[in-house]
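Note sheet for the following structure.
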Amino acid sequence: MSAEMPDQRGRIAVVTGANSGLGLVTAKALARRGARVVLAVRDTAAGRKAARGIDGEAEVRELDLASPASVRTFATRLSTDHPVLDLLINNAGTMLIGPRRTSAGGLELQMATNMLGHFALTGLLLPNLATARAARVVNVSSITHRSAHLDFDDLMFERGYRAMSAYGRSKLAATVFGVELERRLRASGSTVVSVLAHPGITRTNLTPRAWQHRGRLGRLATWAILLTAQPVQQGALPQLHAATAPAVRGGQFFGPSGRGEMRGNVAEARFSEEATDPNIGRRLWAAAEELTGVTYLR
């Protein structure tokens, strides 16, 4: 992808969760083509270690997406130092197997990290993105979004919690957000576009971390998943394509081209019906504004 990617010199790219996995591969590829990459990470020590392996300009900044205070601090400082932003890749995610966990604000942790933190971050950075000539926001989805459902009476999964269902719900929310963001950007006349991507089934450290506390069962599940997964370099191609390919249009969704969109080369991906429902988009946007305290594109 790096060889095919357009020249990124002079561009500023923010990649959340860029210290490992898909985020690190994405950051490395962008930096190799000349972009200055901001590694937005919760663990700055891990971020600095990752940055040392990047061939190009990279800076590390602390960002905990589950903490509204951290999101605001990150956005304020970044906006001061980089008034113009060209790319925001909302890549960071968490997948938890086990009991329900919450953020400092009492929100279900997967929803807080995978969607709500990125919703707030995007809104706070939108003025900087709007200053660029052709900025893009890329939200990273998952094939699990297709089997999920948003229950607006229990968005934080306080009743009958199931970890993998909550993960799917958070990824559906991230997908709905990306689609609704594009609608609102077009309605506002903005030059910023919203694009989506998913990595299929990819060999990252997210799966081992999620299952590590489940003992033998967890090890077997990890082995089974990773056996069929594609390399992380391949899994990052859809989001790199979404971020940089010249012909990309707002609202497009990219993923692997193989069976079930689990692996393969980049192709347009399939949304679930719920992900593109305008009524669902409006309801989720209103809920996200209330939960985060960040309002934009009304």
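The values are calculated or read from the model by the stated rules, or taken from the named source; none is laboratory data. All of these numbers come straight from a predicted model, not from anything done at the bench. Counting neighbours? That spans all protein chains shown, and the Cβs are built from the backbone with ideal geometry, glycine included.
List of remarks:
- Identity of the residue in the stretch 157-177, assigned to a helix (DSSP H, G or I) and of a type in the set (Gly, Ala, Ser), that ends up nearest to LEU284 (Cα to Cα): ALA173
- Filter result for LEU39 (touching a Lys or Arg at 6+ places or on another chain (Cβ under 9 Å), crowded, with 19+ Cβ neighbours inside 10 Å and farther than 19 Å from PRO231 by Cα): yes
- Filtering the stretch 62-98 to residues that are of a type in the set (A, V, I, L, M, F, W, C), out of contact with any Lys or Arg (no Cβ under 7 Å at 6 or more places or on another chain) and over 24 Å from VAL192 (Cα atoms) leaves ALA66, ALA69, MET95, LEU96.
- Scope the stretch 250-261; condition over 20 Å from VAL138 (Cβ atoms) and touching a helix residue (DSSP H, G or I) at 6+ places or on another chain (Cβ under 9 Å); matching residues: GLY260
- Test result for PHE152, surrounded by 15 or more Cβ atoms within 10 Å (Cβ to Cβ), under 25 Å from GLU274 (Cα atoms) and over 16 Å from the mean Cα position of the chain (by Cα): no
- For the stretch 129-146, the candidate set comprises residues that are touching a residue at least 40 places away in the same chain (Cβ under 8 Å) and more than 21 Å from THR26 (Cα to Cα); within that set, the residue that is nearest to the chain's Cα centre (by Cα) is HIS145.
- Some residue of the stretch 122-129 being surrounded by fewer than 22 Cβ atoms within 10 Å (Cβ to Cβ) and modelled with pLDDT under 95: no
- Among residues of the stretch 62-119, those that are of a type in the set (Val, Ile, Thr), buried (at least 18 other Cβ atoms within 10 Å of the Cβ), modelled with pLDDT of 95 or more and farther than 17 Å from ALA130 by Cα, counted: 2
- Any hit, the stretch 46-69, residues being polar (S, T, N, Q) and under 22 Å from GLY160 (Cβ atoms): no
- Qualifying residue in the stretch 154-167 (condition: under 17 Å from VAL179 (Cα atoms) and modelled with pLDDT of 95 or more): no
- Residue check, ALA287 modelled with pLDDT of 95 or more, on the phi < 0 side of the Ramachandran plot and in a strand (DSSP E or B): no
- Residue in the stretch 130-149 that is touching a strand residue (DSSP E or B) at 6+ places or on another chain (Cβ under 8 Å), of a type in the set (A, V, I, L, M, F, W, C), assigned to a helix (DSSP H, G or I) and surrounded by 22 or more Cβ atoms within 10 Å (Cβ to Cβ) present: no
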